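For reference, the structure discussed in these notes is given below.
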Amino acid sequence: MKILFLGTSAGWPLPRLGCRCQICQSKDPKDKRWRPAVLVNDSVLIDAPPDIYHQLLKVNHLAPKIKALVLTHAHPDHLLGFYDLGHLYQREQKQIKLITTREVLNGLKQSSRYPLHPFIPEIVVANEVIQIDNLKVAFLSVHHNHTPTYAVKMKERKIFIYLPDLKRLPKNERKQFKEAHLLVLDGSSLGTKGQTRTHQSIEEGIRLGKELKVKHCYFTHIGHLTGPHQELEKFVQKHGGSNFHIAWDGLELEI
Ligand SMILES: [Zn+2]
Ligand SMILES: [Zn+2]
């Protein structure tokens, strides 16, 4: 399975316009982050952030090659690119599957007045396993805020779980997350600085990754009040171990 990180920021891109903090002044290209999305096997897109047009342009990926859009939840940083993505398909007179739960689809309809076409909705329920090409895909329910939110579990030979927005993983859901070869977790904050009521911190993510005994753990959804990439990378390796990393825009992993 090939996983390409198209964006790894939280709700807002980095650097922030006009900000002179350490991240925003960094010369490291890894500190330039767009809103969170990943492309799996060049054909399945998880989330459609507002930056999606430029994200696809940057990796020179022709949108109509994407067969399915998988939506984790109905928050602006994950779905405001819906219109641009649909427009690329309309121009080519092609259709694209929109795979998500009923609750997320309702949230999308509330935030967008545009018709769903060219998206063809395919509704799933939590824990149901569906097949997209060679991938077995399931939505796992997690606590983020009052918005229904899911982790996306994908299995080809190995298991990849994408969980960009998380406050708490209910105990009874945890067994579904074990044995992941790659877990991608919420990195919105570091310590109490920047901690919100709706996201866990990187420290909490490290504890969770260790508890779940995942093989490799990467953080995405990196918030503004965390730190420059290199410092964060050192932090997670020191406290988590050599299998913990910070993702960046353009990172490609093969599992
Ligand atoms: Zn988010
Ligand atoms: Zn800044």
Q) Of the residues that sit in region 82-128 and are among the acidic types (D, E) and farther than 22 Å from A151 by Cβ, which one is modelled with the highest pLDDT? A) D84
(Q) Condition (residue is touching an Asp or Glu at 6+ places or on another chain (Cβ under 8 Å), under 21 Å from A48 (Cβ atoms) and more than 16 Å from ligand 1 (Cβ to nearest atom)) applied to region 173-186: is it met by at least one residue? (A) no
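Let's see how each residue does on (1) away from ligand 2 (no atom under 16 Å from the Cβ); (2) without any contact (Cβ under 8 Å) to a residue 24 or more places away in the chain; (3) touching a strand residue (DSSP E or B) at 6+ places or on another chain (Cβ under 7 Å):
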| position | (1), (2), (3) |
| --- | --- |
| T8 | no, no, yes |
| G11 | no, no, no |
| L14 | no, no, yes |
| R20 | no, yes, no |
| R33 | no, no, yes |
| N41 | yes, no, yes |
Q: Evaluate the following for G107: is it more than 16 Å from ligand 1 (Cβ to nearest atom), in contact with a Pro (Cβ under 9 Å, 6 or more places away or on another chain) and not in a loop (DSSP other than H, G, I, E, B)?
A: no
Q. Is at least one residue of region 54-63 under 27 Å from H144 (Cα atoms), among the basic types (K, R) and either out of contact with any His (no Cβ under 7 Å at 6 or more places or on another chain) or surrounded by fewer than 22 Cβ atoms within 10 Å (Cβ to Cβ) (or both)?
A. no
Q: Report those strands (runs of 3 or more DSSP E) wholly inside region 142-255 carrying at least 3 residues which are crowded, with 17+ Cβ neighbours inside 10 Å and either of a type in the set (V, I, T) or in contact (Cβ under 8 Å) with a residue 24 or more places away in the chain (or both).
A: 149-155, 159-163, 182-186, 216-220, 244-246
Q. What is the number of the single condition among (1) modelled with pLDDT of 95 or more; (2) within 22 Å of H144 (Cβ to Cβ) that V214 does not meet?
A. (1)
Q | V124, sole failed condition from (1) over 22 Å from L185 (Cα atoms); (2) open to solvent by 80 Å² or more (accessible area, probe 1.4 Å) | A | (2)
(Q) Being of a type in the set (F, W, Y) and out of contact with any Lys or Arg (no Cβ under 9 Å at 6 or more places or on another chain) is the filter here; which residues of region 105-145 pass it? (A) Y114
Q: Taking the residues in region 86-105 that are more than 19 Å from the chain's Cα centre (by Cα) and polar (S, T, N, Q) as candidates, determine which candidate is surrounded by the most Cβ atoms within 10 Å (Cβ to Cβ).
A: Q95
**Q.** Scope region 208-255; condition polar (S, T, N, Q) and either in contact with a strand residue (DSSP E or B) (Cβ under 8 Å, 6 or more places away or on another chain) or under 22 Å from L6 (Cα atoms) (or both); matching residues
**A.** T220, T226, Q230, Q237, N243
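The values are calculated or read from the model by the stated rules, or taken from the named source; none is laboratory data. Please read these numbers as outputs of a predicted model, since none were measured by experiment. Cβ sites come from the backbone with ideal geometry, for glycine too, and all protein chains shown count toward neighbours. Ligands, DNA and RNA are excluded from the accessible area calculation, which covers all protein heavy atoms including side chains. Shrake-Rupley method; radii C 1.70, N 1.55, O 1.52, S 1.80 Å.
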